[in-house]
Each structure stands twice: as C-alpha cells, then as structure tokens.
Amino acid sequence: MTAMDTKTLAGEIKAIANTEDNRRTRLINVVRKVQLSYGHVSQEMVGMIAEALGIERVEVEGVVSFYHFLSGKPVGRFPVYLNTSAVSEMMGMSEVADAFEKAAGIRFGETSGDGLFSLQYTSCIGMNDQEPAALVGGVPFTSLTAERATEIITALKSGNTPAELVEKYGYGDGNNANELVRSMVNNNLRKRGDILFGERENGAAIRKAVAMTPDEVITEVKTSKLRGRGGAGFPTGMKWDFCRRAESEKHFVFCNADEGEPGTFTNRVMLTEIPDLVFEGMTVAGYAIGSHKGILYLREEYIYLLEYLEDVLEKRRQAGLLGKAVAGRKGFDFDIRIQPGAGAYICGEESALINSSEGKRGEPRDRPPFPVVSGYMGHPTLVNNVETLAAAARVIEQGGEWFASYGSGESSGTKLLSISGDCQKPGVYELPMGMTVRVALQVVGAQDAAAVQVGGPSGTFIGEEHFDRKICYDDLGTGGAMMVFGPRRDILETVLNFARFFEDESCGWCVPCRVGTGLMHAKIKKIMAGNGTRTDLEEMESWGRSIAAASRCGLGQSAANPELTTLANFRKVYEERIKEDEYLTGFDLERAVEDACEATGRTAIHE
Amino acid sequence: MMTSEKITFYIDEIECTATQGQSILEAADENGVYIPRLCHQPDLLPGGSCRVCTVSANGRNQAACTTPVANDMIIENGSEEILDLRRAVIEMLFIEGNHYCPMCERSGNCELQAIAYRLKILAPRFPFMFPSRKLDATHPGIFIDGNRCIQCGRCVRAAQQIDKKPILGFIGRGGAVRIKASSTEGLKGVDISPDDACVKACPVGAIIVKDTAYRKPIGERMFDKQPIGSEIEARRTS
Amino acid sequence: MAKPRIATTSLAGCFGCHMSVLDIDERILKLAELVDFDKSPINDIKRFSADCAVGLIEGGCCNDENVEILRAFRKRCKVLVAVGECALMGGLPAMRNGVPLKECLREAYLDGPSVVDGLIPADAELPLLLDQVYPCNEVVKIDYYLPGCPPSADLIWEALVALLTGNDADLPYELIKYD
Ligand SMILES: Cc1cc2nc3c(=O)[nH]c(=O)nc-3n(C[C@H](O)[C@H](O)[C@H](O)COP(=O)(O)O)c2cc1C
Ligand code: SF4
Ligand code: SF4
Ligand code: FES
C-alpha cells in the first residue's frame, strides 16, 4: 500500500472505531465492522485498531484469531460458510461442497483469484431442519443441492446479490418474509404450545410485574419451578434472587442467544416469531433484579435477524415498554442493546459470553465468582437463555402456578425441541416437559429411528431400549436438540463429526480440553480407519473420563460425551469395527517412504 | 467481610487451618502440603489453565488454585485417581509441544519436567503430536521458543499485573493457541528486558535469557536431587 | 535352565544408550551371569540365534531399515524396552518432524550454505528415509520405557534386574531423568 492509501485507511478505521465510541469493550463490534468493510483484518489494520482504541495490538490480534467469522487473510466478497453439522453431512453436504468448489474454481480454505469467493466450513449454523445450509455473504441459504450451489455461484459471478437470489427462491414462512428479514429460512414451527406460543398481549407481563415488588416477581418465578432452558437447568427464580441480592451500583441482564449446540435451532424460531416475548422476559428480569440494561448476545449466524430485532426494540421503546419509566413505572428505566457474536460455540458459556461482550477473547472465566455476583464489567449479571426469559414473561403474566401445572414433577412447563435428522417433519415443537423420546419420535414421524441424540454433541446418544426415557431435568436434559438417526446410518460417522466439532471449538485455555479433544478425534479416526483394538476402546473411555474430570468448563467436561455415551449404549458398533489384535498402529511403511522415493527417484522394496 | 476468620479443612486426612478467602492451593502451601501446579504463581492472579492442581474437594474435582477453601472441606490430593489425572495432564503437555529435554536450556530447572519426575512418569501414554511451532529469536537478549511453550499464561499475566505493560498475549484458538509478542517485529519490537517479571515467570524453557543457560552442572540443578515442592513440604512440622 | 537371552539394537540413535549399558561397570559381570547376549552391537552378533526374553531398543525410526529391524525385534523378543529419549519420542532426530522431508533433503544436500555440487543421495544401498522420525511405539508395541539421554546406568540396571527377576521396579527419584 502506498503512503496515501495507508493514511486513508487509517482514517477510515479511526472512523469505524469512532462509531463505537473508541471503547475497548466494543472491540468485537469494531473488528466485525472492519471485517465487513474490507473482507479481513490485516496486520496493518490490527495496528490501526489498536491505536484507535488505545490497546496493544496483540489484544486485537488475539480477538481476530479467536472467532470463526473474523479473518486475518482476505475472504471473498461473498464468503461461503458451509455448515458441517452431522445432519448437514447426512443430508448431502459433501455433494454441495463439491459443487461449490467446482463452480467457484477453488477448494475449501481458499479465496478465488478475482476476490469474489472464499469457501469455508463452519460449525452448525442453526438450520438442521433445512440442511445442507450455508451462509453466503452473510445470508442463509437452506436446503441446498448441488445444482442450487452451482446456480448461486454462477448468479453471484454474473452480478446478482445474495438478496436477489433469496427473493427469487422465495422467502420462508412467518416473519422470515418480513421486509426487514427477507430470508429463505423456514420456521418449521410445527407445534405451538400454550406457554410460549399461546395468546398474549404485548406488555402484559411487564405491566403486571411493575405492579408487584421485585421480590414478589422473584417469588412468582420460584413458584413456577422454572429452570434454565440453556442446558444446565439452574432454577431461574433462585438465580434472579442471587443476582438481586448481590450488591452493586449496576446490574445487568443478558439474554443468551448464542445457540451454538449443533442441532439446536429453537432460539432462531423464537427470535423470528416471538421476539417481543423474549424482550418482555428480559425487561421483567431487569425489573426483578434491579437492572437498567439488558444485552442480547446474538450469534453471528443469526445476524440476518439484526435489523428486524432492532426494529422490534424501537417499537417497544415507542410503546413505552423500554426506555425511561418502563410501563409508566417511575424509577424503572430499562433498555436493551444487541451484542453481535463473531462465531464461537464457547461464547454460549455464560462467562465466555460476558468476556466476549466486553470485547475480549471468548474464554470462560473461573468460577467462583459466579456471574450473578461478578459478571459484566465486574457487576452482578444475570445470564439466561432465550427460552427461559420468554417463559419467565409468561409466568408473570399468567402466574407461577399456571406454569407449574404444565410438565411433570421438578420439570415444569413446556420445552421447545428442535428435531432434525431422519424424520418426516423436522422442525420446532413445543411439548410438555417430561414426554418420552418415543412420543416425540411419533410426533415427528420417525417410527423407524434406530438411534436418537438428545442434547447435541454434549448430550447423550441413545438406542431403542432407551426410547421410553423422558426429556426432562432428571433424565435426558437438552437445550432443545434432538437428532434422529435411521437404521442405515453409521453412528460412528456422527461420533467422528462431534469429535471434530469439539476439537474445533475448544477455546484452548485449559490443557485437558485443548489437547484431549484432539486426542479423542484422532482415536475415533484410528478406529474408523480399521486400526482400532480393544485397547483403543479402553483408552478412549479412560481418556474421555480424564478430560471430563479435569476440564475447566462445560465444554471440556462434556467433550467426550459422544464417545462415552456411544461406548455405553452402542458398544456393538465399535466391537464390529475393531480387530482382536493386541496392538495395531496406523503406521504405514509404504506411505512413510513415499516422499523419499519421490525425492530420490527410487522405489521401495519391502517384504 | 469476615476475612480473617480461621477455618479448618482436611487434605488427605491431615487437619489444616486456613483463612477465609484463601484458595485451596494457598492454604495447602501454608500448611506444608504441596499440590502440584504449573500456571499458578503466588504473586499473580490465578489462571486456572493447566489443571495440574486438580484436587477432589468434597467429592468434586476442582482446580486448587482457583477454588476458595471452605470450612470442613475434605480434600483429596494424593489419591491414585487424582495422581493419575495429573499425570494425564502433564503427559498431554509433553506430547502437545516439542519438548526435547536433552537439549533444553531449562532442563533440570524446569517445572514441567520436575512435576513429571515427581509423578514418576516414564513416558506419556498419548501419541506425540510434533506440532510446527515458531521460535522468536529477534531480540538480542531474550528468545521465545514456541516449541516449549505450555500456554500457561504466566508471562502474559506477569506482563499485565507486575510489569504493567501487556506486551505478550495469546492468539488463536483451541490447539492453535500461541504466545505472541505485541509487535509485527516480534520480541525485538516490544519493550522487554531480562529483569522483567514476564521473562522470569516462564516455568519451562520457552522464554530464555540468552547467555545464561547451562551454568549449573548436572547434579546441581534445582530439581536434580530434590523433588519440586520439597520446600513447601519442609514447612510441615509433623 | 537356560539363561534368558537379551538382544539390543541402535536405530536412529547415537549409541549413547549403549554406552550407558556398558556404564553399569562391574555389574556387567553379574549381568553376564544372569543372561546371555544375543543379537547386539555389544558382542557384534548380527543375527538372532534364538528367541529372546528382552529386547533393548535405542533410537526411534528414521528410515525403512530401522522399521524392519524393530519389527524383527518385536517378533523375536518377548519384552521390548524403549531405552532413551530417541526410542521413546524420537529425540533429537525428530527435530526434523516439523519440516517436510523434501525440504530437509533440499536444505541438507542442495541449498545449504556449505553445499558444493549438491546431490540428494539415491544409492540403492541406502535405507530410505521416512517422512518423519517415529517413536518406537508408533511402529510396534513397546512394553517398557526408560527415559533419559542417555538413561543412567543405574536406571538401566534397576530396570533390567526388575524385569529379569519379575519384580516391580521401585525407581528412586534421582533415576528418572529426561536428559
Ligand atoms: C460450551 C457451552 C456452550 C453453551 N451454549 C449455550 C447457548 O448457546 N445458549 C444458552 O442459553 N446456554 C448455553 N450454555 C449454558 C450457559 O453457560 C448458561 O448456563 C445458560 O445460558 C444459563 O441460562 P439458563 O439458566 O436460562 O439456562 C452453554 C454452556 C457451555 C459450557
Ligand atoms: S474446557 Fe475447553 S472450552 Fe472450557 S475453558 Fe477449558 S479449553 Fe476452554
Ligand atoms: S512462554 Fe512460558 S510463561 Fe509464557 S505461556 Fe508459554 S510456557 Fe507459560
Ligand atoms: S495451577 Fe491451578 S490450574 Fe494451573
């Protein structure tokens, strides 16, 4: 770059930093904007951002190199991110990938010479009910076929925009056709329950809440027995109570819409169809814990909803449901901002989500202190899942007892399930807590299921003998994911996919997870290559247990679940694959001397 | 806050006392019980990254350096299960990097190696990864050998917390996390000197001050005769 | 009863570990009472004359000949011991593992600063280099490991005695060293 160019660029970057008030805590936002404007964040730009924000360049580089959708090298004007989730693979991802490569004339991992395209794989983008799916130029394209992939590339080459293509293919159902969304994504919302999708009136929950004391609101939530829908299942009322009681001049409410667990896509549908209910829940929570600020952490993959969601927020402000004196209640000022993510499964972990929102690498924090005591900027912070907050709003509107009358035992209410894979009607279902897997399978038309994966890669793999188990906190917990596998599927392919997922998504902070996920991935590959022995199975179990026992956060603690739960429930599948030898290695002498043969022009002669 | 309140807890059935608010590791140190650790350094905030200090506290595995000790807490530090977990973690560090001890400047004075000796590790159970790592030898007096870095973050924290100049940081994610100096020119481009806390913080042979190595003959180095942690254990009056 | 037989070999090693075996000094007489040496550079016996109880391996595998010898050892020895860092993890020779073989050859035989009239050796008599240097346990099953560069004579002695007498070796702290 010439001196003049550098100066112009520096000026532009400075201007971008200015849009975020040159705040260090907005580093992710700044870097995202730079990425969008220039297709990458070069070493030069790293320095300029660092200067504008008054921080060290390694902090900027640390962030750029942490997130999937940020890149130090130029990506194409239309970067293609093809989903590699297990269900995407099952539905024909590899043919689609081939078609993209052929049409764009490059391989995955490359950027085309004309700068138009780059091809990359990415972890689940939350479209398992319409796979294979990809983000192209930030726009989701779903139910891809090889022909479609070719057509997309050809059309973009000849000057079309992704938006024009989406219009041609037709918008999806419900609000996907909203003029601020205009997406071809389908909701596939196939069962609306009374709680989340019941009749309601905007603001009703807030008006009811502000007529109560915050303690009364919390008591109502406790009465409902509502527990966190994000996976861990912590009692929501208790969490609100802890946060309220933590002393500080400020409190924060976070809505966790990172939804990165492969196979989960309930948040996507809620944010498309009932965003008001979600924001209502955040506001009620804000009132209960004494907070003035809510933050919705929206994963980059759902950024196509951003404009629409901003509009919903604006309308709520106009209706007096956000802003000063919410719902007329003096002293209760509350507003919500949307924090975009930049691609990292780990950022769904609440303390990593907070770090990310402070503009840092999405590494989890040590606990204690828990976020309810010291979270965002050191203040008490409530982090709840999208569905938890929506349910909480309904609890306040209709009463805790009403809510508790749904579901079973300690698992009250309903649960949104996102069901995908080998079934006739993949999509989102609001079903009562505590229903059996078998019932769910009937509802989605998957009577011939051979295996079901509940809870995504970090969850449990079960076979037919477990189909009468219940989806609830005391038995099979799930943040929503349920993947169905027909009788002809190779379970180990899915285990391999999940193992790669965890290796890709480990934040790298702690040793057992950082190293162990790679070891587990290598082990399953060894077994699938026909080099597995009984020792490998034993080692896989024992290593898996060590990784779970020593890792710092939930990611590492559940990273070996794909192997451990399939070794427990589908041992036969492994036994059929291994050999009875005492020792086998993947070492292949002929392959190991190939390079030497080429370099010397010799041929290898081995017995 | 009742910060000075004394509490009682137990490590492998040894009765110990601590002050409310201390971490398990700090409290154990004061009571003369050694819990192996790599990423912890007393004058830095804990990092909780190496997991070598994992103990079972009231039946749950916890990192001793980040978990506050509690009254009546029952801690397992020496059970075969915990020892094996620690061995696994140490072995992971050996196979993850390129640790050619025979030619390392820090050999004999290295904390990673010393803990492996103490745990009597003969060879790692995991296959070696032989990663490709970089050497930053741009600086006249100091170099960083990425091959030996265990990503413990001590140098990063020392630079921030003691030297008050965040010149070192991590880049990348997962298995690709690497330590890096905050300059396009490498170490040469940052304000660093051999006396900085961040240089001294490195527990292994990753940050080395040039012209200082191999001064002590084999047999007289820090961990040749005395296992690591002996000085802590010496505090215990039996 | 016939004495148990021991075989030893140096693969991609420097013979340092073998020197360390000799370093057990006068205990070597005691060892000779306990065992018979089979194939080994120590006695210059080139072929196995019988199956052995113990095989001591120095060095990892950097070429196809190393692999073939190691495999033969695995066939003929009941127990295989990887002796020293190179056998255990590749050691110094494995420092090339981060660089593709062709690049190594080019640097060593063509582009290196001291090369005159460079040529990559391609004589059919030479063993073929492997793409990487492999620790022994990636090629065959290894039963025991003795770390060190070289492992001290005392460590080798303690371990051998334990092996031959069927006892567990309780190795003192000072004996476990990686350098
Ligand atoms: C690796 C990892 C990923 C997570 N991803 C999410 C997520 O995408 N959404 C979510 O709500 N919770 C996620 N969680 C759980 C959160 O840490 C936290 O428990 C949750 O947001 C709390 O909300 P809840 O109590 O309403 O469930 C994740 C946890 C881990 C360890
Ligand atoms: S368990 Fe994995 S994701 Fe969690 S802190 Fe450790 S390395 Fe990061
Ligand atoms: S350079 Fe040393 S102190 Fe810094 S992270 Fe690496 S091992 Fe730790
Ligand atoms: S010393 Fe506790 S995790 Fe490293």
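Of note:
- Checking each residue in the range C:65-93 for being open to solvent by 20 Å² or more (accessible area, probe 1.4 Å) and of a type in the set (D, E, K, R) picks out C:Glu65, C:Glu68, C:Arg71, C:Arg74, C:Lys75, C:Arg76, C:Lys78.
- Within the range A:53-89, the set of residues being more than 14 Å from chain B (Cβ to nearest Cβ), part of a helix (DSSP H, G or I) and crowded, with 22+ Cβ neighbours inside 10 Å comprises A:Ala86, A:Val87, A:Ser88.
- Among the candidates A:Met540, A:Met520, A:Met528, residue that is away from chain C (no Cβ under 14 Å), under 30 Å from A:Arg361 (Cα atoms) and not polar (S, T, N, Q): A:Met520
- Qualifying residue in the range C:139-156 (condition: within 8 Å of another protein chain (Cβ to nearest Cβ), surrounded by fewer than 19 Cβ atoms within 10 Å (Cβ to Cβ) and farther than 23 Å from A:Asn531 by Cα): no
- Set A:Ser374, A:Ser351: member being among the small types (Gly, Ala, Ser) and farther than 23 Å from A:Val64 by Cα: A:Ser374
- Segments classed as strands (runs of 3 or more DSSP E), wholly inside the range B:53-167, with at least 2 members that are within 16 Å of ligand 4 (Cβ to nearest atom), open to solvent by less than 40 Å² (accessible area, probe 1.4 Å) and more than 11 Å from chain C (Cβ to nearest Cβ): B:54-57
- Of all residue pairs spaced 6 or more apart or on separate chains, those with beta-carbon atoms under 6 Å, a first member in the range A:442-453 that is of a type in the set (Val, Ile, Thr) and a second member that is crowded, with 24+ Cβ neighbours inside 10 Å are A:Val444/A:Ile419; A:Val444/A:Cys423; A:Val452/A:Val484.
Per-residue answers, yes or no, for (1) buried (at least 24 other Cβ atoms within 10 Å of the Cβ); (2) within 14 Å of chain B (Cβ to nearest Cβ); (3) of a type in the set (Asp, Glu); (4) within 16 Å of ligand 3 (Cβ to nearest atom):
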position: A:Phe242; (1), (2), (3), (4): no, no, no, no
position: A:Glu247; (1), (2), (3), (4): no, yes, yes, no
position: A:Thr272; (1), (2), (3), (4): yes, no, no, no
position: A:Asp276; (1), (2), (3), (4): no, no, yes, no
position: A:Leu309; (1), (2), (3), (4): no, no, no, no
position: A:Leu313; (1), (2), (3), (4): no, no, no, no
position: A:Ile338; (1), (2), (3), (4): no, no, no, no
position: A:Ile346; (1), (2), (3), (4): yes, yes, no, no
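- Hits in the range A:315-336 (condition: open to solvent by 30 Å² or more (accessible area, probe 1.4 Å) and in contact (Cβ under 8 Å) with a residue 12 or more places away in the chain): A:Arg317, A:Ala319, A:Ala327, A:Gly328, A:Arg329, A:Asp333, A:Asp335
- Within the range A:544-554, the set of residues being part of a helix (DSSP H, G or I) and open to solvent by 10 Å² or more (accessible area, probe 1.4 Å) comprises A:Arg545, A:Ser546, A:Ala548, A:Ala549, A:Gly554.
- Restricting the range A:2-50 to residues that are open to solvent by 70 Å² or more (accessible area, probe 1.4 Å) and small (Gly, Ala, Ser), the residue that is nearest to A:Met377 (Cα to Cα) is A:Ser37.
- Taken over the range A:565-585, residues that are more than 14 Å from chain C (Cβ to nearest Cβ), touching a residue at least 40 places away in the same chain (Cβ under 8 Å), of a type outside the set (A, V, I, L, M) and not in a loop (DSSP other than H, G, I, E, B) amount to 5.
- Scanning the range A:384-413 for residues that are open to solvent by 10 Å² or more (accessible area, probe 1.4 Å) and in contact with a strand residue (DSSP E or B) (Cβ under 9 Å, 6 or more places away or on another chain) turns up A:Asn385, A:Ala404, A:Ser405, A:Tyr406, A:Gly407, A:Ser408, A:Glu410.
- Per-region count, the range A:471-495, residues among the hydrophobic types (A, V, I, L, M, F, W, C) and either open to solvent by 40 Å² or more (accessible area, probe 1.4 Å) or assigned to a loop (DSSP other than H, G, I, E, B) (or both): 1
- If you go through the range A:496-509 and keep only what is assigned to a helix (DSSP H, G or I) and either open to solvent by 50 Å² or more (accessible area, probe 1.4 Å) or over 16 Å from A:Thr460 (Cα atoms) (or both), you end up with A:Arg500, A:Glu503, A:Asp504, A:Glu505.
- Number of the condition not met by A:Asp581 [criteria: (1) charged (D, E, K, R); (2) closer than 30 Å to A:Gly459 by Cβ; (3) more than 16 Å from ligand 2 (Cβ to nearest atom)]: (2)
- Within the span defined as the range A:329-349, one or more residues are in contact with a Pro (Cβ under 8 Å, 6 or more places away or on another chain) and within 16 Å of ligand 2 (Cβ to nearest atom).
- Among the residues listed as C:Val116, C:Val133, the single one being within 14 Å of chain B (Cβ to nearest Cβ) and either modelled with pLDDT under 95 or over 22 Å from C:Pro4 (Cα atoms) (or both): C:Val133
- Every listed requirement among (1) away from chain A (no Cβ under 14 Å); (2) near ligand 3 (Cβ under 9 Å from one of its atoms); (3) among the aromatic types (Phe, Trp, Tyr) is met by B:Phe170 save one, (1).
The values are calculated or read from the model by the stated rules, or taken from the named source; none is laboratory data. In this text the structure is predicted, and so the values were computed from the model without any measurement. Backbone-built Cβ (ideal geometry, glycine too); neighbour counts: all protein chains shown. Only protein heavy atoms, including side chains, enter the accessible area calculation; ligands, DNA and RNA are left aside. Shrake-Rupley method; radii C 1.70, N 1.55, O 1.52, S 1.80 Å.
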